[in-house]
Structure formats: structure tokens, C-alpha cells
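**Q** One structure coming up, written as C-alpha cells, with questions to follow.
The values are calculated or read from the model by the stated rules, or taken from the named source; none is laboratory data. Note that the coordinates shown come from a computational prediction; the quantities given were computed from them, not determined experimentally. FYI the Cβ positions are ideal-geometry reconstructions off the backbone, even for glycines, and counts take in every protein chain you see. Heads up: the accessible areas ignore ligands, DNA and RNA and are worked out on the full protein's heavy atoms, side chains in. Shrake-Rupley method; radii C 1.70, N 1.55, O 1.52, S 1.80 Å.
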2 protein chains.
Amino acid sequence: MAGTSAPSASADASANGSHAAAEAPVGAPTNPMATALLTDQYQFSMAYAYWKAGKHADQAVFDLYFRKNPFGGEFTVFAGLEECVKFIANFRFTEDDISFLQSVMPMCEGAFFDYLREIDCSDVEVYAIPEGSVVFPKVPLIRVEGPVAVVQLLETPFVNLINYASLVTTNAARHRHVAGKSKVLLEFGLRRAQGPDGAISASKYCFMGGFDATSNVLAGNLFGIPLRGTHSHAFVSSYMSLDDIPDKSLKSKDGSRCFHLVPSSYFKFLVGFQVADSLCGVFGETNQSELAAFASYALAFPSNFLALDTYDVMRSGIPNFCAVALALHDLGYKASGIRLDSGDLAYLSIEARKVFCAIEKDFNVPGFGKMIITASNDLNEETIDALNKQGHEVDAFGIGTYLVTCYSQAALGCVFKLVEINSKPRIKLSEDVAKYVSIPCKKRCFRLYGKEGYPLVDIMIRESEPTPKAGERILCRHPFIESKRAYVVPQHVEELLQCYWPGKSNKPRAELPSLEKIRSRCMQQLEKLRPDHIRRLNPTPYKVSVSAKLYDFIHYLWLNEAPVGELQ
Amino acid sequence: MAGTSAPSASADASANGSHAAAEAPVGAPTNPMATALLTDQYQFSMAYAYWKAGKHADQAVFDLYFRKNPFGGEFTVFAGLEECVKFIANFRFTEDDISFLQSVMPMCEGAFFDYLREIDCSDVEVYAIPEGSVVFPKVPLIRVEGPVAVVQLLETPFVNLINYASLVTTNAARHRHVAGKSKVLLEFGLRRAQGPDGAISASKYCFMGGFDATSNVLAGNLFGIPLRGTHSHAFVSSYMSLDDIPDKSLKSKDGSRCFHLVPSSYFKFLVGFQVADSLCGVFGETNQSELAAFASYALAFPSNFLALDTYDVMRSGIPNFCAVALALHDLGYKASGIRLDSGDLAYLSIEARKVFCAIEKDFNVPGFGKMIITASNDLNEETIDALNKQGHEVDAFGIGTYLVTCYSQAALGCVFKLVEINSKPRIKLSEDVAKYVSIPCKKRCFRLYGKEGYPLVDIMIRESEPTPKAGERILCRHPFIESKRAYVVPQHVEELLQCYWPGKSNKPRAELPSLEKIRSRCMQQLEKLRPDHIRRLNPTPYKVSVSAKLYDFIHYLWLNEAPVGELQ
């Protein structure tokens, strides 16, 4: 299969020195299916038409960008870059690929396939904003330069690798924002994502966007993301009663004693519990499957006892949990907490906390009141926001479906547009100016920071223009609307696009940082953003501008390229 | 990496004869990442707790099912089964997997990892409804039997592999239904799916659900799905004018003549075009980039000329296309058609058809009026329905974002519930009866057909009950509501669950059919369904029932298992 050849292709690329870029080897894409065939058929049709017209080596510049922030917000986190760089480092057609292409394009001349056999990305240069950066509409996230036929072949995989990655990272960052810094966020989306790799991508990028851990073991293995999990309802219902546990003995933590875990502690606990909370009066009626399952789980994980409350929480789950937790305590262990997976999470978490605090006091169990309460069950940004407004005692949120499917907006809509060919700037015109007109030219992009350290505006300039400098007065213009303009005197200027794949040039290749570092960058960038850009309700749009020269040039092209009568 | 070992694990499984099932070898999963580590952490926690309690080999029966049809509809297409079977055929932990698990579960005894080293799916049996079948809520799509610890480990990957597959197949089937049988449906979702494998799954399952082709070349290679594509806007804007094409000569189809393709035909055409449609009066003003790109594309694909209209369709795209198409015609070629990607698709398709028909008549070009008109641009079920209501002349729809992301409902919500352990039936109770109570017992499931050949009702029975027979009067009861019941005398009875993985039993293994066959099954099943179940507006729910015996047993368990006061 094509996928399995990726690692060796990678080794070749770095070994044969076909491009100056390969100082440090770039690994294979995470997904072995991210091979050169992973593109749209029309990229091959176009490659052939370019080749037939002798245009395939024309030097093209493409920008990858998006037009609108997702989820009704005013920011996006850029993600997926490392996978794109790995993709081009390994970009080659195998003989099997070529045979397949010949079979589906029998009308093409044989020499075209010889051309495909030869191509790699040694003539391609890739510039990008560092992964994990906060980014905004219209500003190129990636600029790809190189032979037009090759760069077109990269369009689809690049958009594929960036689109969902950036979307789900942004979604995770929004969940982090609404949950607050002190909460633990767990990604539980494996079973709801688009197949194995959708899930692995989701786990990686949710961690990048600020989650603390995942349930996905393979993602933990691939990326070093911390793993979390309790048990399921099935575990509970697989037990009938305590009789299902043949050996209930547990050594105390210090090894000095051995104890039969459950029944004694359960009865001991009952009495105290009635003192603690007179509302929970129905004892002896707790679910026996649940009690047995909790006990069994505690025997397996005495130092990490975390129980899923799945039956009636206050009448069964909490009493059962406390019984087992107290028994563990008597043996020197500390239970971890509970997971609430149904019902009114605000109310139940508050009631559970009351019980835990009462037990801490009544039984003199220091720390029992601080038991971790995890909530799950179809959570999303809105429900966490609603929980915050109601008040709750949840310490950790387990989030799946809404997070990984990006339920409220399932696609970002990245585009990949030609902005220059053979040094001639190109513009895409459209009747809907604000939405579809592209910003022409090979550009440099800068973020201008104000005195308070907040970013003020992003500005795009033509490559030939001088670099904007801190302390200088810079005219920032809206790319399309004449009246929108402002002078900015930045305290600090940051160039956004860095070289991640220098092709045959001698430019140094920017580092591909570890996932942890990208995650930190994301957190830091979000903290640096003015809070009104990031708030959930009516956020302020962050301004994206062009230089006066680029503005004039856009409008010059516009007048000269638009067919008469096309634009109003 | 774990993924790369899958193919060899597969070879082992079929070579060493460790299970009677392996008459014919089952291949590796499509995605090399679908390995045994692709599961939730809590499955390993539970496996350990089962193992500690000596319960790991308890014989469990789990049902995989969903609770509600997606997209506001009343049917679902079951998909993903083949990948599940391939998953279990290759289910094994490698030494790398074990080392990783030891590192993240240091609290577990070493002997547990020896146990994990030994397990595979030779003790597991899998029964399922054939892939591509129309299915309904509550009825098990898959029943998995085997040692509880092993079957639990399968939960997450099975749900992952079924959930999106069934959702997107259903979405595709809905698009097919609204578009009608005569239209060509093209899946263009690669750049909007959840990474490489999300896209590959989308292409596979959209084809299964009734699409005709995909743009995704790798999916074409992996599954033999027909490929389609034109060219992009970037291709158009990479040309400035006809001067960009150094060699415009084209041999006639019969090889007898050679001709310079564009300019002459363009002028010849102009005159006729003014006759054909006086509305399109602005000639000589067509976009020259576009004309050059069309000409270049036609020179490359004279027998497959399909042009993307991206500038003003009526003033530029259609005249340019017709100019090139007529020139091709003069050389004996037949142009394929156009793709409309913006604007009012109903109006533009009708106007384009008028022009094509006028040209057929005025220039005496037989078949020109039948030029294929493809539409794309954020299409979905609703927009196709709206186009149908307005009237249109579109022959083919290219659908991406809304199709592959399942925008209107991004997850199906399959669950995997324990229904029996060590031959003891288990029920999951919930305060929300209709939604969350599971149907206990190892069950057999049947579809009862009426005289007209339509399926009437699905019925679940206990395994010990006699098989329902055609011509017999069968009482079908709603699983939870006492008053809902009906006698049915079926014309034909179909058993739904077949054995796809017999484990150590001697049952014959049902065939895994080709994708084409599964697609045909899906089409046939949808045709057999009563039209009111499938219609978009207020579809009638299809009835799912239980036998009288199973009904009584559910309610017996319910009374005995529910803690007092839990259910109202």
C-alpha cells in the first residue's frame, strides 16, 4: 500500500541531499495515508494541462488562508503545519502510484508520467506562521512557492491537513477559555470522530488548544498526551453483587495490614452519612451492581479510585462511592473522585461536594471534601458556560462529541489561492468583494503590538516594501474599503511568516517544535490577545490591514482585470 | 509505529489457524492506525479491574446500536462493518504496545501485561446486519460475544468505525434521494474532512450511499471508486492570455487534420452566439485568462473538455466555453460540459442550457444541447431540494463540506451496551426510559415483510424463542409502552444478524462483499422501503418491536433491578 512507503521516502529525502533544506530530517506524516496520491483528481488534470502547455515549471505563489473565524468568534488558532511539512518532505510518487494514475488518465501522454516520477518538493518553498499562533481571516497562514504544477498538487492535502486541525484546536481553545484555567479538560472524542485518524487528529489538536489529557490510548502513544479514563456503565452492570468478587482483601498502603475492602466500611459509613446529610435517607437501597463494581475497581486501583456515577447519583452513586472511598481511606489510600455522566450536573456536583465536605468534617478525613468531581455527558462550550452561570462544583470536564466533531461549525473553509505567477501578481475577483476577492502579490505579513503588549493589527505588505519598524507611524488600510484606515505606531513588530521549507534556497529552516511547545505558544498567544477579541458574547473583530502601497495595487489590478460590468 | 505492523499481524492470524473462522483471510484495516491501541484508556482500566477480580473471561454479550435516526429522518444506512471485522482479525498487542501500556499503567501487576500479550479475538464472536442495510434505532447492528475484558477493548474502535461510516453513508443516501436517480453525484469533500482518513472514509462511504464518483485520488486507488475533476480557479488565473500557450495546434480526432484551436473558432462562434441569445451582448469582453485556460485545458483533454465557469458565467464563462467547445467540435471532438461554482445555480443552469440548445440548432451540432452541467458551491440536501423546486438544468452535483462533515448532524451516537453476562441478562435503566433504557438479553432480530414487499416492522426476540415464520400471526410489542402492540402476518421473514466472526465456533462466516455489492445492497434496500419512511418532510417512523416474551422479560427485570424510587 502507498501509505507504508512514506517512512522510507522520508529517509531518502534526507539522505540524498536533494534539497538544501534537509539539515535535520523531517519525519513521516503521522498518518501513513498522507501520501502524494491524497489529492483531488483535478490537480492531476491541471498538472497535465500545465505540462502540455509547457507551463508546469512556471513559478507560482499560493496563499493558504481562511475568510471567517469559526464558531461566531473573532480568533482562530493555526494548526496542522508540522503535518504539512512532513507531507512535502515525503512527497514522491511511487511506481504503484504512477501505474494507478496511468490507469485513470489513459488519455495522457506517457512522458507526463515520467515527469511525475521525477517531481518532489526540492523546488518548493514554504513559509508559514508558527503552529499554535492565533491567526485572523485573510492573512496567509502558509505561502507556498514553486513550480505551478507541483504546488497545485499540494493544495488539497495542505487544506485537508490545516482545515480540521485549526478548527478543532480553535474549538478546544474556546472550551478552555470558557472553562477557565483552573479546570481540567479531558478529550473523550475517539468514538465520535471521523474514523481512526479523525480521532487521532482530534486528540492531538485538542491538547494543542489547551486540553490536559485524552482518553485515546494511541494518541497518548503517538504524541505523549496524558491519558485519562474511569470505567463505563457496562463495567457496573457486569457485576451483580459483592459476591462476584472472590477476593476482597487489600493490603494497606504501607503494607502493614490487610482488610476486606467493602462491606464493613459500607456499614460504618452509613451511620455517619445519615448524620451528614439528612436528605439522603434511603440507605441499604443503593445499587448492588454499582457497589460491587466500585469495590472491584478500588481493589484494582486503590491509589487511583475514580468512580462513574451512573445510577441515581444521590441515592446510590454517592453513598456507594463514599463507602468505598472511606474503606480505602482506612487503609491509607486516597480516592480520586467521581465522574457524573447524567442529570443536572450543576446541582449534583454541588450536592456531591456537600456530602464530601460533611464526610471530611464528620469522619475527620482531611482532603475528602476536595474529591475531584468530573462531569461528562454531551458537554460543549454553551453547557459549560451555563454551568458557570448556575454555579457548580465540577473540577474536570470530559468532552467528546461536540468538541471533536466541531458540531456548531464542522468546517473552517480554508482556501488556497494563486497570488502570483512568474512574478506577475494575480487577483481573484468576485461579485461578493468582502468574501471572495483574494489579496494579490507575494506578501510579507506583520503583527503590530501596542504599548500594553496587546497585538493591535496585522498588516500585509508587498515583498518589495521596507519592513515596518517599531516606533514608526504606519498607515494600515482595510484591503477593500477606502474609508477604513488608521495610523499605528507599534511598540513592537513581529514578522509572521517564517521559512519552514527552504527548497533550494539557503534560508535557514524554522524549527518544528514539540507538541508541548506548540501548546504553550497557543496558551501564551491567547493570553496576549485583548480580552474583548476572545470573549464569547459579541467579540470585537481584530483588524487585518494592508499597506498603502498594497491597497493601491489591489485597486489598480481590480480596475484592470475585471471584465466590464462584472462588478458593481 | 504500531500501525505498520497491522498487515503482518493479519498474515499471522490467517496463517496460524488460531481460530476456525479464518477460512478466507481477512485483510488489514484500511487505515493502518486502526490498531489495538486505538481505544479509550478506561477500557484498559476496566480490563485490569476485571482481571484482578478474576472476571476477565466472563462471557459477555454486547449490542452496538443507535437510539435515533440522524438528520431528522427515519432511516439509517449501516456501514463500517468490514473495517470492524478487519480490526478484530488483526487484533493483537505488539511488544511496543505492551511497553507503552506498562509505562502509562505502572500501578498494574506485571502478569496483567502477560495476559494482554496473549489475547486476540479467537474467543470472540461477531454477529451483524449486512453492511449497506437500512437499519433503525434500538435494533443491534452488531452483537459481540466473548470474554468481557476483550470485548470491552473492542467497544471504542467498533463505535469509532461504525459511527461516522453509518452517518456519512446515510447522508449520502439522503443526497441521492433528493437529487433523484438520474443525476450524477460527485463527492468533493477531501479538503473539508477530518484529516486524511476522515476524507478517505468519506469517499468510501459516500460511494456506498449512492454517490457515483469522488475527487479523492487515494480513495479511487484504495477502493476503485471512479474519479472526477475539472480544474480550479487558480488554473484560470495562472493564464494571462492566449499568448501563454506556445503551441495551440491540435490534431483532429480522426488524425486527418491539424488546427490552431482557439482564435479562429472564437470569432466564428461570436457571430452565431449573438443570433442565439440576444441577452448576452457583450462580446470581446470575455475574460482572456479564462479563454486561455479553457483553450489550454481543451488542448490537454480534447475528448474530456470540462470547464469551470468562475468569472461572470453568462458574459464570460459560457461564451468562452462555447468558443472552445465549437472549435473542438470542428475537429471531431465532443466537449463534456461545464461546472458552475457560484451564483444562482438554478437560473444559470437554465440559461446555459438555452445557449447550448440554441447552438445545437443554429450551428447544427448534434448533442450540444445535452452538454453536462455540473453544479458545485456549498451544496447540501436543502439546496438541492430548493433547486428542484425552482427548476434547474443541472445534470451533476459536486458536494463537499456539508456531505463529509455531516454538517447538519455531525455524530450518530452509536452505543455499545452489555446485554448479558455469563448468560444472565443485563439491562441499563435510566430515568429517561425511551432514550436510555437498553434492551437486555442475547437476541435474534428479524425484519417482517408485507404483501407489497415492503418491510413492515423489525422484531427482536430472546434467543430461546422459536423463529418467526412467514404466514404466522406474530404479536409485535413496543419495547417500553404497554399500549403499543400489533399483530403482523408477514409474507416474508428475514433474519437480520449474521455471523461475521465465528470465533472458535463452527458457524460459517458470512462473506464480506465488495464495495460495489454493498452499494447495490444499499440502493436496493432503500428502494424496498415504503416511501413515507424515506421522504424528507415528516417521514413516518418505521416500527421496531419486541416479542411478547421479551417484553415481559424486560419489564420483569425493570421491576427487579430498579432501586426504589429511581423511576417514576
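**Q** Can you give the accessible area per residue of chain B, in Å², using a 1.4 Å probe?
**A** Ligands and nucleic acids excluded, the result is 35 Å² per residue.
**Q** Please report, ordered by residue number, every helix of chain A (full DSSP H runs) that is 24 Å or longer along its axis going by C-alpha atoms and whose mean Kyte-Doolittle hydropathy reaches -0.5.
**A** Both cut-offs are met by A:148-179, A:345-362.
**Q** Could I ask something else about it? If you line up the Cα atoms of the range A:21-69 on their principal axes, what length do they span on each, largest first, in Å?
**A** Here the Cα extents, ordered largest to smallest, are 36, 33, 24 Å.
**Q** Now, a different point. Find the all-direction average of the projected area of the Cα convex hull for the range A:296-428, expressing the result in square nanometres with one decimal place.
**A** 13.2 nm²
**Q** Suppose each label sits 7 Å from its Cα in the direction of the beta carbon; what would the B:Glu495-B:Arg530 distance come out to in nanometres?
**A** Here the answer is 2.7 nm between the modelled labels.
**Q** As an exercise, use a Förster radius of 25 Å and the Cβ-Cβ distance of B:Lys370 and B:Ser252 to find the FRET efficiency, rounded to the nearest 0.05.
**A** 0.70
**Q** Next question. Under 5 Å between amide H atoms, partner at least 5 residues away or on a different chain: which partners does B:Val457 have, H built in plane at 1.01 Å?
**A** Counting only residues 5 or more places away or on other chains, the set is B:Leu448.
**Q** Let me ask another. Going by the alpha-carbon gyration tensor, a ≥ b ≥ c the square roots of its eigenvalues, is the range B:508-564 rounded (a/c under 1.5) or, if a/c is not under 1.5, prolate (a/b greater than b/c) versus oblate?
**A** Oblate, because a/c is 1.5 or more while a/b does not exceed b/c.
**Q** Also, I was wondering about something else. So how far, in whole Å, is the C-alpha centre of the range B:35-75 from the one of the range B:166-191?
**A** Cα centroid of the range B:35-75 versus Cα centroid of the range B:166-191: 31 Å apart.
**Q** Which of the trypsin sites (Lys or Arg not before Pro) found in the range A:470-568 are in a DSSP loop and have at most 12 neighbouring Cβ atoms, other than their own, within 10 Å?
**A** Answer by residue number: A:Arg473, A:Lys484.
**Q** To two decimal places, what compactness ratio does chain B give when its Cα radius of gyration is scaled by 2.2 N^0.38 Å?
**A** 1.18
**Q** Can you list residues from other chains, or at least 5 along the same chain, whose modelled amide H is less than 5 Å from the amide H of B:Cys121?
**A** When sequence neighbours closer than 5 places are left aside, the close amide H contacts are B:Phe91.
**Q** Per-residue Cβ counts within 10 Å, from other chains only, averaged over B:146-158: what number is that?
**A** 2
**Q** On the protein heavy atoms, probe 1.4 angstrom, tell me the percent of accessible surface of the protein assembly as shown carried by carbon and sulfur.
**A** About 51 percent, which is the carbon plus sulfur part of the accessible surface.
**Q** Buried accessible area between A and B (1.4 Å probe, both chains summed, ligands and nucleic acids excluded), in Å² to the nearest 100?
**A** 9200 Å²
**Q** Consider all pairwise Cα distances in the range B:129-203 and report the whole-number % of them above 16 Å.
**A** 62 percent
**Q** Could you give the spread of the C-alpha atoms of the protein assembly as shown along their three principal axes, from largest to smallest, in whole angstroms?
**A** Largest first, the protein assembly as shown extends 96, 82, 52 Å along its Cα principal axes.
**Q** Just to be sure I understand the model, the point goes 7 Å from the Cα along the line to the Cβ. What's the resulting B:Val184 to A:Ala470 distance in nm?
**A** Each label point lies 7 Å from its Cα, and together they span 5.9 nm.
**Q** Something else now. How many Cβ atoms of partner chains, on average, are near each residue of A:214-226 if near means within 10 Å of its Cβ?
**A** Taking the mean over all residues of the peptide, I get 6.
**Q** Using r as the Cβ-Cβ distance of B:His555 and A:Cys357, and R0 as 60 Å, what FRET efficiency do you calculate, to the nearest 0.05?
**A** That gives a FRET efficiency of 0.90.
**Q** Regarding the range A:67-138, what is the average projected area of its C-alpha convex hull, in nm²?
**A** Projected area, direction-averaged: 7.3 nm².
**Q** What FRET efficiency do you get for B:Tyr454 and A:Asp243 if R0 is 60 Å and r is their Cβ-Cβ distance, rounded to the nearest 0.05?
**A** After rounding to 0.05, the efficiency reads 0.75.
**Q** Can you list, shortest first and in nm, the gaps between the label point of A:Asp552 and those of its counterparts in the other copies, using a point 7 Å from Cα in the C-beta direction?
**A** 9.3
**Q** Related question: What are the residues whose amide H is under 5 Å from the amide H of A:His231, where those residues sit 5 or more places off or on another chain and H is modelled from the backbone?
**A** When sequence neighbours closer than 5 places are left aside, the close amide H contacts are A:Leu308.
**Q** Could you give each residue of the range B:74-79 its phi-based ³J(HN,Hα) in whole Hz, using Karplus coefficients 6.51, -1.76, 1.60 with θ = phi - 60°, and x for Gly or Pro?
**A** With coefficients 6.51, -1.76 and 1.60, one gets 10, 8, 9, 9, 7, 8 Hz.
**Q** What is the mean number of Cβ atoms from other protein chains located within 10 Å of the Cβ atom of each residue in peptide A:457-466, rounded to a whole number?
**A** 0
**Q** Along Cα-to-Cβ, 7 Å out, sits the label point; list in nm, shortest first, how far the one on A:Gln524 is from those in the other copies.
**A** Its label point is 6.2 nm from the equivalent points in the other copies.
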